[in-house]
Amino acid sequence: MNVKYLYINTIGCQMNVYDSEQMAGHLALLGYQQTAFPEAADLIIVNTCTIREKAEQKAYSFLGRLARLKRKKKSLIIGIGGCVAQQDGKQILKRLPFVDIVFGTRAIHRLPDWIRQIEKKRCQIVDVELTEEVRADEPIIGWQGETQSSRFVTIMRGCDNYCAYCVVPFVRGREISRPPESIIKEIRSLVSHGVREVTLLGQNVNSYGKKEGLCSFAELLARIDGIEDLLRIRFTTSHPKDLDADLIGSYRHLKKLCRHIHLPVQSGSNQVLKQMNRKYSRELYLDKVSKLRDTSSNIAITSDIIVGFPGETDADFDATLNLVKQVQYDGLFAFKYSDRPNAPAVHYPDKVSESRKNERLQILLAMQDAITRKKNQALVGSIQEVLTDGLSKKEISSKLADGRQPLQATGRTFTNKIVNFYLDAQVESSGDIGTGNLLDVRIEKAFAHSLWGKPVLAQPTAKRVKGVDSYAA
Ligand code: SF4
C-alpha cells in the first residue's frame, strides 16, 4: 500500500481530540500516516468546534488558508468534520467550494468509505446524518502515534439536556452510551500499549447507560478500576443534577479514581439557572459539593461558569461570586455568554452588554485566581504522587552539579494539579521517570496554574495513603 500523509487540525474539546484519534485510526487502514505539516499532506481534515464563536471563526480561517495549498496540489483532499460541519452541512461547500468532504459528528466510522470514493471519483460528499445507533461490536481503533501515559476514552455521545445556551444536542445528537464491554476492551488495549491513566468522556457521564439499561456509571467505574496495570481513572463532564450517591460513594472506595471532579455550576443564581434550563438549584448544587467533601475531604473540585447570560442582573452575578467564595474551587473555566445559532437563548431578551460581561469576567477570574493560589500554596511542603507525563518543553538555564543540563519533567497529582520538576542525576538513573510512572514529588513552590517540586526517591517515615492523601514532609 502506498504511504499517504494525513494532517489533522483539531479545534475544541477533549471529545474532538478523541474523535481525531479515531479518524486517524480509521484512515491508517487506507494507508494514511499522520504528518505535522499540512504542506506535506495528501489529506487534510479540520475537526471543528462551534461551542463559541471564536472556535468557529478559527476553523473557517484555517480552511480559507487551505485554498492556496489546493491550487498548488490538485490531488489534495480537504475534509471538514466535527460540530461546525454538523451545523453548517452543505452550506460549507457554497462558502468553500474547494472542500471535498463535509462529515458530521456521527459519520466518523464512514470516513474511510467516503475518502476511498473521493480518491477514485474526485466527487464532493456531505454526510451529516445524526445516526442513533451504537454497535455493540464497535471496532477498537488500533494504536496511533507515540506512547502517552494518559488517553481519552469516549463512553457516550450526544446530550439530552438542552441547556439554553448550548448547541451540543443539535450538533452531536441525542445521548447514546457505548456498551461497557466495548469500553473495557478499548481501555485494556490502551493499557497494553503503556497507557496508565484514562479520562472517560461524555457530555454528562453521570447519566451513562440509563437510557439503554446498561450498568450505571458508578458500576462502570468499578469495573474499570479492576483493570490490571491501569493506575488512574478520570472522567468529565458531570451534570450536577445527575450526580448520585453511588457515584459520590465511588470516591470512598475506588483506589484508582482520581480525587477530582469537574462539576459545572454555570451560575450561582437560581433565576439564571432556571433560564439556562439546568434543572438544579444553587442549594442542591451546594449540597452535592458538601457530600463530595464529606466522602473525600481532599477532593479537588473545578467548575465552569458563564457570565452575562441574558437577563443576568448585578444581584445574580453577586450570587455567583458568593457561591464561588463558598465552594472554594480548585480551578474554574469562566466564559462570557455568546449567542450560538440553534441554542434557545439566542432568542432571549435582556442581553448583557459586552462591557458589562468583560467587567464581570475580570472580577470573577480575579476572585478565583486568589483562591487557586491559596489552595496551591497550602500544598507547599507536602509530597504528592505524580503521574509523569514526559519532559516539559521549557528551556532550563541552570546546570546540574556534574555540569549537565537538567531535564524538566511534568505530571499531575491525584487531584489533577500540574507539577513541574527537575530530574537530577539520581532520579534520572532510578528509572522512575519515564512517561506513565508514579513518582513522589515534594512541592516547593505554588503558582496560579501549576506547582513546582523536587522528586523524592526514598520513602520518608511519615504514614501515607498511596495516591489518595499527601503528607507533610
Ligand atoms: S449538559 Fe447542557 S451544557 Fe452540557 S452538553 Fe448537554 S446541553 Fe450542553
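Only one of the numbered conditions (1) within 16 Å of the ligand (Cβ to nearest atom); (2) out of contact with any Pro (no Cβ under 9 Å at 6 or more places or on another chain); (3) open to solvent by 30 Å² or more (accessible area, probe 1.4 Å); (4) under 23 Å from residue 157 (Cβ atoms) is violated by residue 246, and that is (1). Out of 185, 211, one residue alone is closer than 20 Å to residue 25 by Cβ, out of contact with any Phe, Trp or Tyr (no Cβ under 8 Å at 6 or more places or on another chain), open to solvent by 10 Å² or more (accessible area, probe 1.4 Å) and of a type outside the set (Phe, Trp, Tyr). It is 185. A count restricted to the range 313-334 and to residues that are part of a strand (DSSP E or B) and open to solvent by 60 Å² or more (accessible area, probe 1.4 Å) stands at 1.
Among the residues of the range 150-189, just one is within 9 Å of the ligand (Cβ to nearest atom), in contact (Cβ under 8 Å) with a residue 40 or more places away in the chain and acidic (Asp, Glu), namely 160.
Starting from residues that are within 16 Å of the ligand (Cβ to nearest atom) and open to solvent by 70 Å² or more (accessible area, probe 1.4 Å), keep the ones in the range 249-283 and report whichever is farthest from residue 345 (Cα to Cα). Per the stated criteria, the residue is 279. Residues in the range 190-202 include at least one that is within 14 Å of the ligand (Cβ to nearest atom) and within 17 Å of residue 235 (Cα to Cα).
There is at least one residue in the range 289-297 that is over 24 Å from residue 197 (Cα atoms), free of Cβ contacts under 8 Å to residues at least 60 places away in the same chain and touching a helix residue (DSSP H, G or I) at 6+ places or on another chain (Cβ under 7 Å). Against the conditions (1) touching a residue at least 40 places away in the same chain (Cβ under 8 Å); (2) surrounded by fewer than 22 Cβ atoms within 10 Å (Cβ to Cβ); (3) under 18 Å from residue 126 (Cα atoms), residue 53 satisfies every one except (3).
Kindly provide the set of residues from the range 155-169 that are in a loop (DSSP other than H, G, I, E, B) and of a type outside the set (A, V, I, L, M), ordered by number. Passing the criteria: 158, 159, 160, 161, 162, 163, 165, 166. Of all residues in the range 144-182, those satisfying the criterion of being open to solvent by 10 Å² or more (accessible area, probe 1.4 Å) and among the hydroxyl-bearing types (Ser, Thr, Tyr) are 147, 150, 162, 165. Taken over the range 287-317, the criterion of being within 24 Å of the chain's Cα centre (by Cα) and among the aliphatic types (A, V, I, L, M) is satisfied by 289, 292, 299, 300, 301, 305, 306, 307.
Each row is one residue, and each column tells you yes or no for (1) crowded, with 21+ Cβ neighbours inside 10 Å; (2) over 28 Å from residue 153 (Cα atoms); (3) of a type in the set (Val, Ile, Thr).
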| position | (1), (2), (3) |
| --- | --- |
| 6 | yes, no, no |
| 34 | no, no, no |
| 38 | no, no, no |
| 41 | yes, no, no |
| 84 | yes, no, yes |
| 98 | no, yes, no |
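Evaluated against (1) closer than 30 Å to residue 354 by Cα; (2) touching a residue at least 24 places away in the same chain (Cβ under 8 Å); (3) surrounded by 20 or more Cβ atoms within 10 Å (Cβ to Cβ), residue 310 falls short on exactly one condition, (3).
The values are calculated or read from the model by the stated rules, or taken from the named source; none is laboratory data. Note that this is a predicted model, so its numbers are computed, not measured. Quick reminder, even Gly has a Cβ in these numbers, built from the backbone with ideal geometry, and neighbours come from all protein chains shown. SASA here: full protein model, heavy atoms, side chains in, ligands and nucleic acids out. Shrake-Rupley method; radii C 1.70, N 1.55, O 1.52, S 1.80 Å.
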